[in-house]
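Here the structure is laid out as structure tokens; the discussion comes afterwards.
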Ligand code: NAD
């Protein structure tokens, strides 16, 4: 029997496994993941502020995969592609006939000085919890230290993760103020962004809504301000220094280091794949999710999102099944169902491409975000229900 090995149990890896089982693919399927649980990476900002607990956004992998799938809890160290071997941290070696590589993302420091030491990334449950503890401990310290920098929070970058983090933070801030008896007028929240736009993927009125919402609640935005260095208690650009004892590092992500370590031709640990999502030098290897780059019709790679990872996984599973059966593979096509950016649990902005084009902002995005979170991705039937109840 042919062997299919799936690396990583994020959105992409879990979906490949689920789809292969659904297709009754004639193969022995093995899934490898560092942890024995899956976490919803799109909700880490909620853990990082303490609005949710890890158990709210994670579940045990063996609870959701078929008993027919072999699950191995281990860390992938490298892939010997000519030999079709996956090397694991435990020393174990897995052989494969077909590979689905969905190893996911890591924080990107861009080589900026001090980031690895002092920046708090939000890339997994551990780092999100570390950010939460740092934030709360630092705010609590103010009573003893009297150091105003304990009340300053710098959020680096103004992409999706930063804006969603800020939304959660301003939602919970009143609770922190009363819990730690903080002087509200001394709290400072900086958001420092390299380019001149915030949330450029949304129409101007929606991005303005998000910025106004956060500014009204105390966030100060600094655009066209590339960060060049981080220290223990400051963020530096060419002309400005932001003093803060909590520094959240959310300036973007790159693919897993295993990609570079395994000799792939890559950029920021992302591999440009063929239009059926297979690798250009091995038709039986499929690369999906945040370790892949897929060209869109516009001639630029699609941005990485949970939604596209799941869409890729559905295609990759069908293409693996086709290869096993000796059939032609299909070209990946993708139409985004839309984008939602939360501003705390009850507010946000969204553009949805289902049953027309919808621009939503404010409290009506709250239930939509919940649907997205509950289902991992926008689903047509839920959205229809939501529209019907408006
Ligand atoms: P991102 O790439 O979307 O945003 C990072 C931001 O940091 C950019 O605006 C960039 O200009 C800025 N930046 C980079 N270097 C900088 C520097 N030196 N100084 C100042 N600013 C700097 O990254 P993200 O927010 O971490 O998101 C990662 C991926 O996950 C993205 O593809 C995103 O679309 C996706 N995501 C989507 C959602 C959602 O759909 N709601 C939520 C979270 C993440």
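The values are calculated or read from the model by the stated rules, or taken from the named source; none is laboratory data. Bear in mind the structure is a predicted one, so any value in this text is a computation, not a measurement. Because the Cβ atoms are built from the backbone with ideal geometry, glycine has one as well, and the counts that use them run over all protein chains shown.
Looking only at residues in the range 218-234 that are within 23 Å of residue 171 (Cβ to Cβ) and part of a strand (DSSP E or B), the one that is nearest to the ligand (Cβ to nearest atom) is 222. With respect to (1) assigned by TED's automatic domain parsing to the domain that holds residue 306; (2) free of Cβ contacts under 8 Å to residues at least 24 places away in the same chain, the lone exception for residue 6 is condition (2).
Among the residues that make up the range 345-352, is at least one of them at positive phi and part of a strand (DSSP E or B)? For the range 345-352, residues at positive phi and part of a strand (DSSP E or B): present. Quick one: what pairs do we get from the range 333-362, first residue more than 26 Å from residue 169 (Cβ to Cβ), second within 11 Å of the ligand (Cβ to nearest atom) and part of a strand (DSSP E or B), C-beta under 8 Å, 6+ apart or different chains? Sorted first by the residue in the range 333-362, then by its partner, the pairs are 353/338; 354/338; 357/351; 358/338; 358/350; 358/351.
Filtering the range 243-257 to residues that are within 11 Å of the ligand (Cβ to nearest atom) and assigned to a strand (DSSP E or B) leaves 248, 249, 253, 254.
Looking at this structure, is residue 149 over 21 Å from the mean Cα position of the chain (by Cα) and either within 16 Å of the ligand (Cβ to nearest atom) or assigned to a loop (DSSP other than H, G, I, E, B) (or both)? Taking the combined requirement at face value, the residue does not satisfy it. Quick check on my filter: what residues within the range 108-122 are within 19 Å of the chain's Cα centre (by Cα), surrounded by fewer than 17 Cβ atoms within 10 Å (Cβ to Cβ) and outside any loop (DSSP other than H, G, I, E, B)? Within the range 108-122, 116 is the sole residue that qualifies. Condition first: more than 27 Å from residue 363 (Cβ to Cβ), outside any strand (DSSP E or B) and within 11 Å of the ligand (Cβ to nearest atom). Now tell me which residues in the range 177-217 satisfy that. Answer for the range 177-217, where residues must be more than 27 Å from residue 363 (Cβ to Cβ), outside any strand (DSSP E or B) and within 11 Å of the ligand (Cβ to nearest atom): 194, 195, 196. Among the residues of the range 305-333, those identified as away from the ligand (no atom under 14 Å from the Cβ), in a loop (DSSP other than H, G, I, E, B) and surrounded by fewer than 20 Cβ atoms within 10 Å (Cβ to Cβ) are 325, 326, 327, 328, 330, 331, 333. Contact map, the range 33-44: residues that are in a loop (DSSP other than H, G, I, E, B) paired with residues that are modelled with pLDDT under 90 and more than 9 Å from the ligand (Cβ to nearest atom), Cβ distance under 7 Å, separation 6+ or inter-chain. Pairs shown: 40/373; 40/376.
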